[in-house]
Every structure is written in structure tokens, then in C-alpha cells.
1. Which residue fluctuates the most in chain A, going by a Gaussian network model with Cα springs under 10 Å, if the choices are A:Ala151, A:Ala85, A:Ala12?
2. What list of ³J(HN,Hα) couplings, whole Hz, do you get for region A:171-188 from phi and the Karplus terms 6.51, -1.76, 1.60, once you set θ to phi - 60° and write x for glycine and proline?
3. Would you please give the residues with an amide H less than 5 Å from that of A:Leu250, counting only those at least 5 places away or on a separate chain, with H modeled from the backbone geometry?
4. Rounding to the nearest 10 and keeping the result within 0 to 90°, find how far the Cα-based axis of helix A:124-139 lies from the longest principal axis of chain A.
5. Tell me the label-point distance for the pair B:Glu217, A:Glu114, using the 7 Å Cα-to-Cβ offset, in nm and rounded to one decimal.
6. Straight-line reach from B:Lys270: which aspartates and glutamates have Cα under 18 Å away, leaving out those fewer than 8 places along the same chain?
7. Shortest first, in nm, what separates the label point of A:Glu66 from those of the same position in the other copies (7 Å along Cα→Cβ)?
8. Near the amide H of B:Val171, under 5 Å away, which other amide H atoms are found, from residues 5 or more places off or on another chain, if H is placed in the peptide plane?
Protein chains: 2
Amino acid sequence: MKTAETVKDTRAIIKEWKKQGLSVGLVPTMGFLHEGHESLIRRSAAENDRTVVSIFVNPMQFGKNEDLETYPRDFERDSRICERAGADLIFHPQPEEMYPPDFFTYTDMDTLTEGLCGSHRPGHFRGVCTVVGKLFHIAAPDRAYFGQKDAQQLSVIRKMVRDLNFDLEVVGCPTVREEDGLAKSSRNTYLSPEERQAATVLHKALLHAEKAIAGGERDAAAIRGEMLRIIEAEPLAVPDYVEIVDWELLQPVRKLEKPALVAVAVKFGKTRLIDNYIWE
Amino acid sequence: MKTAETVKDTRAIIKEWKKQGLSVGLVPTMGFLHEGHESLIRRSAAENDRTVVSIFVNPMQFGKNEDLETYPRDFERDSRICERAGADLIFHPQPEEMYPPDFFTYTDMDTLTEGLCGSHRPGHFRGVCTVVGKLFHIAAPDRAYFGQKDAQQLSVIRKMVRDLNFDLEVVGCPTVREEDGLAKSSRNTYLSPEERQAATVLHKALLHAEKAIAGGERDAAAIRGEMLRIIEAEPLAVPDYVEIVDWELLQPVRKLEKPALVAVAVKFGKTRLIDNYIWE
């Protein structure tokens, strides 16, 4: 496995592979890898001749009062995880390699980015679209892998690829969970033991929604109300949002009729966690 | 020479070329081709194994009260010009192929798009960046050719390519002129015989600037003042702007010290023409 820090070196390696007719999978990450990332890397390694993992804490997708400075980083550990999961190349740029002085181009979209995390994190998806577009241009992958845990991000990237005619396949992969149901996330490391315990409330609320829908409930307000009660019963949990939107344009729905995304964001102290259930 | 109307067909043809190791040049146009476009196609054909010309009047780069509906179109004639200039493929999509329902992603930038045509045509460069990015993804060119007549557009596209890491070379080509100096433009066909005569005033004003700078004049206000007097001496000419900006970030300059763009936009009735001189 190789590591490259510049766009130029990364491209040179990937072009050599392409010349040999090899297919390339890309797993964009912000590092501090967990089993969720590892499952993406393994899947890419299984489906492509070569797998590139990008490790870059993207400043452009963090808001002013968010956790850019404290976001956990451990390149040595990440590197070992990439290698054992079957990656062939890590692209690990410094911020100035991705955003040189006088950088001012961006990609963004309306509609899909308005609700859910978009309304709570203004500018977040502009940062995501811009950096992911850059990574697509740098790695020229045949397939790119994203976790369903970040469902809105997955949806936004699929839309960007379709609208802007990127020539690649976006592969969404199932959320990987701890034994007690908490979705794996690099931000889980922020939690105190008490908060970690309380954080299972996201999954509990989503399980409730899943069961209610399976039992025939179609009224979004009723499902959301019950989910909110479950979350608010946990003293350490401060709900950011509990939403049910259609799984195409992410617009709020009153009745569940077509595939829908049930999405929650909950704060525990300064730590904000998200999770979701997709009803298809 | 082939013609394709869909993204899928265009890609299939270009991928076949790429498999054979052939290089690809792209000339994005809005059709109604003139000798300016023809010079771009000839240059691409000389520098690449295969040349793709896109012909698409891009609705997204027209403002509400602009000439989208009346913009001249003549595909048969365009097709003959492409063939004789050495094109191998015309990509000629319908608007719904480029902008299907629920299209809402865009690429845009700050700074470079604020002045000159950007301030007089809000949203114009968002439309340009978005469609050119799409064309780059569809044609995957090694080189893309743009005329220096649209100097701000050339500058914006170069910046987009650099910022977003598109893996291609942007080639700027000299403006092609009528015998009396008027820059070739599809919009020249809008002019009445009297307006056509009056339109030489753009080139006259730019020639004045060129001579003044060659003679040692470095004061932007003095040069602009004299240019405005030349334009306003022509009764049919209504100046939209006369600007001198640095040729890197297109910011207005007081003194000419480094490469600068002298740019003019003038209206003749409803027809708006642009031209420029680049001092390097």
C-alpha cells in the first residue's frame, strides 16, 4: 500500500493503473477510521482492482463553531486499518494542497440541502460537494463508496453525480453499529461514559419508527412524536431534529407512501450524533 | 464525422477512442459558428487525435431578459463548418438532456465573477461553470479550447479547472476579427447595417488603449476616460462598461503594473457586444 500527499503523485499512480486497464474504487473519509469505514474499504477492494482511500478533514464542510480543530486524527492507526482492509493507496493531503490561496470555486445545490443537517449546518453540503467533486477529479474512480449513516450526504452526492454527469457509480453501504445499536462514528470518541450510554437512544427511537411503520403506521407526525418522547426521556439527550422526508428529494412528508428517510440528530453535551432508518 | 444527441452515445464513442489511447480535444460552443469557432476547432484538430464540438445554447447562462429565444441557430451550417475544420464528433443535446426535471446542482465562484459581465449578467457565470463542468465530465477531454474574446469566461474556466482539479488543459485562443476589426461573434448577426458600421467602435477604443499603454500611459482612469469618449462619440453605441482589471483575479486597477485586461461591453439597440485587449 502506498501513501501520497499531493494531487500530482496521486494522479500519477492512478493513471498508471488506468493504463493497465484496472478499475478504481474510491473511499472518501475524514480519517479516524472505524468499522464503518473499514466495511466501505473492504467492499471497494472486493469490487475494484484498486482501492484509493482519501483521508482529509475537510475544513470547508465545518461551520465556524463546529469541531474542526478537535476532530480526532490518527494517521498511523488509519494507515494500518486501510492496509488490512485491502486499500492500495491512501491520499492524505494537507489543507493547503486542497485549498491553495485564492481558492474560491464551489459546487452546491438547492432543495436536497435545505432540510435535516443542511438547515442545522449552513454551508456544510457546499463543503461536501466541493471536496467530493475534487476527489472525484483527482482519483477518477469507477465507483465511490459512502455510508448510509450519512444518508443526506449520500443523497446529495448521488444527485451531484447525476446532475453534473460525473462518470462513476455511487455505492451506498449499510451503517455499521456497536453491539448496543449505536451507529459507528468518529465522533463517538467525544462521548463521556454516561453520554455513550445515553447515545443508544438514537437507535432506540429509530427501531421504534421501524416497528411502527412495519405495523402499518403511516402518519409521520405520530411516528415523530413517539420518537421525540423516547429521545427526551433520556436526560443527557438534546434532540436537534427528528424528521421524516421522502427518500428522493428529502422533502418532509405527512403520510408515508413512497420510500422515506427517518432521520435523527441528537446532541450530547457538545457532541452531535446522527442516525437514520430508510424505509423502502 | 459523427453527431450524438445523448450523453450516453457521446460517452460510448469517446470511451472507444480513449481505449485506443487517442487524445481528445473539446470545443464547447453555442453554435451558429463563425471563423472564431472554426479557429478553435482547427487548433484542437491539430493538437489532438480526436476533436469533439459541443453545440448547445445553454439556457442556464442566459438572464431572464436576455436573448435565449432569439439566439441564432443553424445546425446544418454548423455541421458543415465542424466537418471542414476537422471535428470528429458533434455533441448536440436538447435542453432536457442537459437539464432533466429536478436538476438543481451548480458550480459557481466568488471574486472572478463579480465584475465586468458578471455584474451586468447576474447568474451568467454560474450557468457557464455548470455547463462547462458537465461537458468536461461528458467528453473527458485532454484539452479544451476557448476564445480570448470572452476573456472573463476564459479566466473563470481556468480558475474552475485549477480549483476543482479537473484533469485537463484549458487552451485560450486569439480573437478572430472582421477586416474592419470587429470581433467575430454570433450576435453580430443581430446588428442593422448602421449598427454593424458603428460596432467597430469597440475595436477602435481598444486600439487606443493598446497604443496609449505602449506609449507609456499607466493610469487606468486616463485610459478608460479616453476610451469612453471614443465610444460615446458614436451615436448608436451605449457603453455597458469600460474596465481595466488585473489579468489574474480581474480586480479593478488604478495603475497598470502587471498583466491587465482592458474590457469593453457596448450595446447597439438590444444587441450587446464585448471585446478586450490583454496587456501582458
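1. Highest fluctuation among the options: A:Ala12.
2. Taking θ as phi minus 60°, the curve returns 10, x, 10, x, 5, 9, 10, 5, 4, 8, x, 4, 5, 4, 7, 4, 6, 4 Hz for region A:171-188.
3. none
4. Tilt of helix A:124-139: around 30 degrees.
5. It is 5.2 nm.
6. By straight Cα distance, B:Lys270 reaches B:Glu66, B:Asp67, B:Glu69, B:Glu194, B:Glu195, B:Glu232, B:Glu234, B:Asp240.
7. 3.2
8. B:Ala144, B:Tyr145, B:Phe146
Just so you know, all these numbers are worked out from the coordinates, no wet-lab data involved. A quick note: this is a predicted structure, and the numbers were derived from the prediction, not measured. Note: ideal-geometry Cβ built from the backbone for every residue, glycine included; neighbour counts use all protein chains shown.
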